[in-house]
Amino acid sequence: MSIELRQISKTFGGFRALTDVSVSVQTGELLALLGPSGSGKTTLLRIIAGLEQPDPGSGPILFHHEDVAQRKVVDRRVGFVFQHYALFRHMTVLQNVAFGLRVRPRRQRISRSDAHDKAHRLLRLVQLDTMAHRYPHQLSGGQRQRVALARALAIEPKVLLLDEPFGALDAKVRQELRGWLRKLHDEIHVTSVFVTHDQEEALELADRVVVMNEGRIEQFGTPDEVFHRPHTEFVMNFLGQVNSFHGRLENGRVHFASLAVDAPEHVGASPRAVRVFIRPHELGIDTERNHHPQMTATVAHIHSAGANVRVELTTEGDESLVAELSQDQFRMLGIAAGDAVFVTPREVKVFADARERLAGSG
C-alpha cells in the first residue's frame, strides 16, 4: 500500500503546524519522520491516520492512488502505535491484542475463539506468546510496546503508523527494540511510517527519512543521503555532532580558522560569507605537521570509554573542536590532555551564511 500526500497544510488557531508538505511512501517501505519538537511530524502522522484534517485547499491524501482524505479513521485500515502503549490495564495481553477484532462492525466481527487464535499467532510473531495471560503491569516497557504493536497488527492494517514508539523506554531497551522492529518489518512488509526526534533511531531503522523543521520538509532521502549529503545547514546540524565555523568563499577556496581549503563544487565561486561544518570523524589528528592544511590545537580533554575516542581540542584562535578517533588510532598517537597537536579536516560541508542570506533578502 503506497501513500502520497500533496501540498498538505495545517493550522491550529494562529499556529501553522504544516506548510505545503508533500511526501510519498512506497509500498512496503519503512519511513521515518524526523525532526525536533514542534516540527510538524506528529501532526503529519495524524493526518495520514485521519485523526486530524488538513486545512481546506490542501492536496489529496492517496492510499494506493485512491484519495482517502474524506474517509474516517476506521475506514482507512490504519494501525496506530502510541508512545505510551495505551493498553487496557484490566485486560490480559491476549485480550488486549484481540480487542480490535471484537469491536469491529458486526458484519466484520469474528468469533471470540477465532479472535483469540489470531491473537496467539500475533503474540508468537512479536515473541510474547508465553505471556498471553499476564496483565500489562506484569510486563516490562519493551514488552508492553510489543503488545501494542501486535494489537495494531491484529486488524490487518494496510498502513502501520508509530508515534515515537520507543520514546518512553530506556536507552538499552530502545536499542534492542529498534533491531527487533526492523527485523519484524522485513518479515511482514507492511507499509510503515514512524515519528522520532532521535536521529540515530531514524538512520538505523528507516528505508528513507523525512527531515522536518518548522512545518516544512528540509530533506527527503535515504539515511546515507541525508547524513552524508545534507541539503541544508539545519540537516547538517540536526544529524549528529558537528564542528562549525564562520568562513569566507573566495577564488574557489574556503577560508576559515586560519585555513584555506578547496571549496566543494556545489557552492559556486562568487565571494561571500559561508558557514563551514566538519563532523568529528572527519578531523584527523597528528603529533607532527604535514603538508595538508592544518590547525594547531591543544588537547583539552579525552573521553576514551566506548568504541571510539572523543578528543576535545582548543585551537590557537581559542575555538573549541571535537575529533573522533578509533581506539587503534588513539593508541598509536599516544596523546594526552595538554599536548599540542595538528588537526587536518578531511571533508568540509559549506553553506551560505544565514546572516548574509538575511541581508540579501532585505
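The values are calculated or read from the model by the stated rules, or taken from the named source; none is laboratory data. All values derive from a computational prediction rather than experimental measurement. Glycine gets a Cβ as well: all are built from the backbone with ideal geometry, and neighbour counts include every protein chain shown. Protein only, heavy atoms only, side chains kept; ligands, DNA and RNA dropped before computing areas. Shrake-Rupley method; radii C 1.70, N 1.55, O 1.52, S 1.80 Å.
Against the conditions (1) in contact with a helix residue (DSSP H, G or I) (Cβ under 8 Å, 6 or more places away or on another chain); (2) assigned to a loop (DSSP other than H, G, I, E, B); (3) open to solvent by 10 Å² or more (accessible area, probe 1.4 Å), Glu204 satisfies every one except (2). Here is the figure for region 126-148: residues that are open to solvent by 30 Å² or more (accessible area, probe 1.4 Å), more than 17 Å from Gly100 (Cα to Cα) and in a helix (DSSP H, G or I) total 6.
When His303 is tested against (1) under 26 Å from Thr232 (Cα atoms); (2) open to solvent by 40 Å² or more (accessible area, probe 1.4 Å), only condition (1) is not met.
Selection over region 241-278 of residues that are exposed (fewer than 15 other Cβ atoms within 10 Å of the Cβ), outside any strand (DSSP E or B) and in contact (Cβ under 8 Å) with a residue 24 or more places away in the chain gives a count of 3. Among the residues of region 182-241, the ones that are under 30 Å from Thr11 (Cβ atoms), touching an Asp or Glu at 6+ places or on another chain (Cβ under 8 Å) and among the β-branched types (Val, Ile, Thr) come to 6 in all.
If you go through region 36-53, how many residues are open to solvent by 20 Å² or more (accessible area, probe 1.4 Å) and not in a loop (DSSP other than H, G, I, E, B)?
Step one: filter region 36-53 for residues open to solvent by 20 Å² or more (accessible area, probe 1.4 Å), giving 36-38, 42-43, 46, 51-53.
Checking the rest, the ones that are also not in a loop (DSSP other than H, G, I, E, B) come to 42-43, 46.
The qualifying residues number 3.
When region 36-50 is filtered for residues that are free of Cβ contacts under 8 Å to residues at least 60 places away in the same chain and of a type in the set (Gly, Ala, Ser), only Gly50 remains.
Listed here are the residues, each with its yes/no results for (1) surrounded by fewer than 17 Cβ atoms within 10 Å (Cβ to Cβ); (2) touching a strand residue (DSSP E or B) at 6+ places or on another chain (Cβ under 7 Å); (3) modelled with pLDDT of 95 or more.
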{"position": "Ile3", "(1), (2), (3)": "no, yes, yes"}
{"position": "Lys10", "(1), (2), (3)": "no, yes, yes"}
{"position": "Leu34", "(1), (2), (3)": "no, yes, yes"}
{"position": "Asp55", "(1), (2), (3)": "yes, yes, yes"}
{"position": "His64", "(1), (2), (3)": "yes, no, no"}
{"position": "Val73", "(1), (2), (3)": "yes, no, no"}
{"position": "Val78", "(1), (2), (3)": "no, yes, no"}
{"position": "Val81", "(1), (2), (3)": "no, yes, no"}
{"position": "Tyr85", "(1), (2), (3)": "no, no, no"}
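Residue count for region 176-190 satisfying the condition of being more than 18 Å from Phe82 (Cα to Cα), without any contact (Cβ under 8 Å) to a residue 60 or more places away in the chain and open to solvent by less than 80 Å² (accessible area, probe 1.4 Å): 2.
Could you list, ordered by first residue, the pairs with Cβ atoms under 8 Å in which the first is in region 149-168 and touching a residue at least 60 places away in the same chain (Cβ under 8 Å) and the second is of a type in the set (Ser, Thr, Tyr) and in a helix (DSSP H, G or I), at least 6 apart or interchain? The qualifying pairs are Asp163/Thr42; Glu164/Thr42.
Within region 19-32, being in a loop (DSSP other than H, G, I, E, B) and open to solvent by 40 Å² or more (accessible area, probe 1.4 Å) holds for Gln26, Thr27. Apart from one condition, Pro264 fits all of (1) at pLDDT below 90; (2) touching a Gly at 6+ places or on another chain (Cβ under 8 Å); the exception is (2).
Which one is surrounded by the most Cβ atoms within 10 Å (Cβ to Cβ), of the residues in region 210-240 that are of a type in the set (Gly, Ala, Ser) and at pLDDT 95 or above? Among those that are of a type in the set (Gly, Ala, Ser) and at pLDDT 95 or above, it is Gly215. Looking across region 286-343, the residues that are part of a strand (DSSP E or B) and of a type in the set (Val, Ile, Thr) come down to Thr296, Thr298, Val299, Ile302, Val309, Val311, Thr314, Thr315, Val322, Val341, Val343. Only one of the listed residues (Leu123, Leu94) is within 28 Å of the chain's Cα centre (by Cα), under 24 Å from Arg182 (Cα atoms), in a helix (DSSP H, G or I) and in contact (Cβ under 8 Å) with a residue 24 or more places away in the chain. That residue is Leu123.
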